[in-house]
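Down below is the structure, laid out as structure tokens.
The values are calculated or read from the model by the stated rules, or taken from the named source; none is laboratory data. All figures in this text were calculated on a predicted structure; none of them were measured in a lab. Cβ placement follows ideal geometry from the backbone for every residue including glycine, while neighbour counts extend to all protein chains displayed.
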Amino acid sequence: MPDMDLKALMQAARELAGVAAHPSVWTPTARLLGRKLPFIVRGLKLIGADRTTKMSIGTFLEQNARERPDGCAILFEDRRWTHRELNTQSNQWANLLASRGIGQGDVVAVLLENRPEMLAAIGGVVKLGAIAAVVNTRQRGAILAHSFTVAKATTFIVGEELWDAFAEVRAQAGAPPASRVLWLAEHERAAAPKDTTDAALAVAGAATTTPAIMATLTLADPCFYIYTSGTTGLPKASVMSHNRWIKAAGAFGMAGLAMRPDDVLYLALPLYHNNGLSVAWGAAATAGAAIALRRKFSASQFWDDVRRYDATAFVYIGEFCRYLLNQTPSLKDRDHKVRRIAGNGLRPDIWHQFKERFGIEEVYEFYAASEGNVAFVNLLNRDATVGLCPAPYAMVKYDIDRDQVVRNSDGRLIRVGRVEVGLLIAEVSERYAFDGYTDKTASEKKLLRDVFKVGDCWFNSGDLMRDQGFRHAQFVDRIGDTFRWKGENVSTNEVAEVINTFPQIAESTVYGVQVPGSDGRCGMAALVLRSPDEPLDLAAFARHVQGQLPNYAWPLFLRVRPALDTTGTFKQMKGDLRKQGYDPAQVGEPLFVMPPRHSAYVPLAAPLYQEIAGGHLPF
């Protein structure tokens, strides 16, 4: 996260609220900033810390254990861990790993589901200056083996719940000996598999002292490898430093959520994702607050958990907010203590509905990428924005058809104007470093050079953003999720937002498909119905999209599905949908099409498909 200028933030807030023309509009924002000013200042201090500062994640684990030893650090099921217990076990993990040859810069793979032991183990790894490769728990087979090898892990911490997945690829991961495979029981009476070390027994016998090397660690030192979702190719391991963890905590936990030691932050997202490990844990740990963990997200049990733990805030991914809205309304929807949430991906089509139904007063939406060097945060609690970013960034023209940035006659990139959509790029410098991936070739592909002048270097976010003015922005789409049809650029997210407001639709995903004889790609939507037994009202749906979208953005093909495929962090997976397209022989689910010069959808059976595939119907 970049440094923030408080005066610039205040000025942007005044302008955004329209104080000159409507002084009353400024009042809520002024009150919010007045209440949060001490937290913003504390957050700015963390954000502004120099990368050479001797500070790390362990600094806060130690501080909490010293200042509030009996305060709650973790809540999980029926268990409660204090700050003293978390710090002590982190030290024991560190000393155990050190006794087995792990030192600064070494990589330890962590394959555990959300539970307190995961944070203790990771705390131990990073206190040594080692790197925790936090592996996606949904990976199996060749993809899991790839994640181990790309990180060059030498030691493996594996939970009983994921042992079978690890055992399957142990040979491809280098066939580590028993001393390098630390197996962590999930059930009391479980016995450690052959050729492993029983981690619980080994940790219990380790020293509880803080490893001396921790005092030498700086913010610039790496601490985690966080993996990309792998929706396009094999996952890449992005490098996270202590600096990025602490800046995320300062921006989202301190300045955004204004966390206090008596707060409880509920987390149902996986800890292998940065929203969990950096945003949520960082927000709680730097404030001395508690984090309440759930092993896996459950829409039906979400609010029961929130009440059970007396949670005062939570971290979200936009799609799970949609899942919560799709639950049957209850008189208990507002029966909880949560008034502030932070996360990313809350789409404008449900923003107000979500706040109103569940009584959420403040939404600290943010934009950031695991490997990126730029972040936006909605510090002013404005609706439907990712907020502001004072770091050097630009939004530049992008050619969707050619899949490349647009350069002028001098070879330089072209900035877009206010309210226009462009590719977000961020300047790379010593102050705003790009940590990249473990794969140097992949890292270089994310960089643009000679952007505005010879020799400059900028990070390519791969995201299209709308410039809202006053250094605020709104996320539009991933580059690969924008297609061109009838000479116009179509945002899949913006089309999906319209579709999702149709009463019968629970959720949808939109993608572009090719039609023989036509340039570009036209829209296709995969739909999940709220009531699967009730057929989609095709006539009403057609009127809905035609009334709210320009004709080039209408989804011409529809596919009705029982559910959408997603990653562990609810990112929609469109690769197979694109490949299968609208071919009835490949799909095996209800398909519909709006043929050329028609305004209604009709079933897409084999004969009609053959006409389209043969190029006989000019779209």
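Can you find a residue that is at pLDDT 95 or above, of a type in the set (Gly, Ala, Ser) and closer than 30 Å to Gly568 by Cα anywhere in segment 28-45? No. Contact map, segment 292-320: residues that are touching a residue at least 40 places away in the same chain (Cβ under 8 Å) and surrounded by 15 or more Cβ atoms within 10 Å (Cβ to Cβ) paired with residues that are assigned to a strand (DSSP E or B) and charged (D, E, K, R), Cβ distance under 6 Å, separation 6+ or inter-chain. Pairs shown: Ala313/Arg340.
Inside segment 451-497, residues that are aliphatic (A, V, I, L, M), at pLDDT 90 or above and not in a strand (DSSP E or B) make up a count of 4.
Let's see how each residue does on (1) in a strand (DSSP E or B); (2) among the aliphatic types (A, V, I, L, M):
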{"site": "Ala192", "(1), (2)": "no, yes"}
{"site": "Ala200", "(1), (2)": "no, yes"}
{"site": "Cys223", "(1), (2)": "yes, no"}
{"site": "Pro235", "(1), (2)": "no, no"}
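Note on segment 356-382: residues that are more than 23 Å from Trp458 (Cα to Cα), of a type outside the set (Phe, Trp, Tyr) and either outside any loop (DSSP other than H, G, I, E, B) or modelled with pLDDT under 90 (or both) amount to 8.
Sort out which residues of segment 312-343 are within 23 Å of Val279 (Cα to Cα) and small (Gly, Ala, Ser), and write them in order of number.
Ala313, Gly318, Ala342, Gly343
Answer yes or no as to whether Phe541 is free of Cβ contacts under 8 Å to residues at least 60 places away in the same chain and aromatic (Phe, Trp, Tyr). Break it down stepwise before answering.
Values: free of Cβ contacts under 8 Å to residues at least 60 places away in the same chain: no; aromatic (Phe, Trp, Tyr): yes.
Here the answer is no, as Phe541 does not meet what is asked.
Restricting segment 252-276 to residues that are out of contact with any Pro (no Cβ under 9 Å at 6 or more places or on another chain) and in a helix (DSSP H, G or I), which is surrounded by the most Cβ atoms within 10 Å (Cβ to Cβ)? Checking each candidate, the answer is Gly253. Among the residues here, Leu269 qualifies as under 16 Å from Gly345 (Cα atoms) and not basic (Lys, Arg).
Out of curiosity, is Ile131 of a type in the set (Val, Ile, Thr) and either without any contact (Cβ under 8 Å) to a residue 24 or more places away in the chain or closer than 20 Å to Ala202 by Cβ (or both)?
So Ile131 fails the test.
Within the option set Gln104, Gln139, being within 23 Å of Met240 (Cα to Cα), surrounded by fewer than 22 Cβ atoms within 10 Å (Cβ to Cβ) and either touching a residue at least 12 places away in the same chain (Cβ under 8 Å) or over 27 Å from the mean Cα position of the chain (by Cα) (or both) holds for one residue only, Gln104.
Table: residues versus (1) under 18 Å from Glu371 (Cα atoms); (2) under 16 Å from the mean Cα position of the chain (by Cα); (3) at pLDDT 95 or above.
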residue	(1), (2), (3)
Leu219	yes, no, yes
Tyr225	yes, yes, yes
His242	yes, no, yes
Asp262	no, no, yes
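Take Ala525 and decide whether it is free of Cβ contacts under 8 Å to residues at least 40 places away in the same chain and farther than 27 Å from Asn489 by Cβ. When the stated conditions are applied, Ala525 does not pass them.
Residues are listed down the side, and each one gets a yes or a no for (1) assigned to a loop (DSSP other than H, G, I, E, B); (2) touching a Leu at 6+ places or on another chain (Cβ under 7 Å); (3) in the same structural domain as Lys574 (by TED's automatic domain parsing):
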{"position": "Val515", "(1), (2), (3)": "yes, no, yes"}
{"position": "Gly520", "(1), (2), (3)": "yes, no, yes"}
{"position": "Ala525", "(1), (2), (3)": "no, yes, yes"}
{"position": "Val528", "(1), (2), (3)": "no, yes, yes"}
{"position": "Ser531", "(1), (2), (3)": "yes, no, yes"}
{"position": "Pro535", "(1), (2), (3)": "yes, no, yes"}
{"position": "Ala539", "(1), (2), (3)": "no, no, yes"}
{"position": "Ala542", "(1), (2), (3)": "no, no, yes"}
{"position": "Gly547", "(1), (2), (3)": "no, no, yes"}
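Matching residues to (1) surrounded by 19 or more Cβ atoms within 10 Å (Cβ to Cβ); (2) touching a Leu at 6+ places or on another chain (Cβ under 8 Å):
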site: Thr385; (1), (2): yes, no
site: Ser409; (1), (2): no, no
site: Ile414; (1), (2): no, no
site: Val428; (1), (2): yes, yes
site: Ala442; (1), (2): no, no
site: Val451; (1), (2): yes, yes
site: Asp467; (1), (2): yes, no
site: Lys486; (1), (2): no, no
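On the basis of being among the aliphatic types (A, V, I, L, M), at pLDDT 95 or above and touching a Cys at 6+ places or on another chain (Cβ under 9 Å), does Leu556 make the cut? Spelling it out, Leu556 is indeed among the aliphatic types (A, V, I, L, M), at pLDDT 95 or above and touching a Cys at 6+ places or on another chain (Cβ under 9 Å).
Scanning segment 116-158 for residues that are basic (Lys, Arg) and either closer than 17 Å to Asp221 by Cα or not assigned by TED's automatic domain parsing to the domain that holds Gln172 (or both) turns up just one, Lys127. In segment 383-431, of all residues being among the β-branched types (Val, Ile, Thr) and assigned to a strand (DSSP E or B), the one that is nearest to the chain's Cα centre (by Cα) corresponds to Ile425. Among the candidates Leu182, Leu144, Leu162, the residue that is of a type in the set (A, V, I, L, M), modelled with pLDDT of 95 or more and touching a helix residue (DSSP H, G or I) at 6+ places or on another chain (Cβ under 9 Å) is uniquely Leu182. Per the listing Asn91, Asn87, the residue uniquely in contact (Cβ under 8 Å) with a residue 12 or more places away in the chain, crowded, with 17+ Cβ neighbours inside 10 Å, touching a helix residue (DSSP H, G or I) at 6+ places or on another chain (Cβ under 8 Å) and under 21 Å from Gly253 (Cβ atoms) is Asn87.
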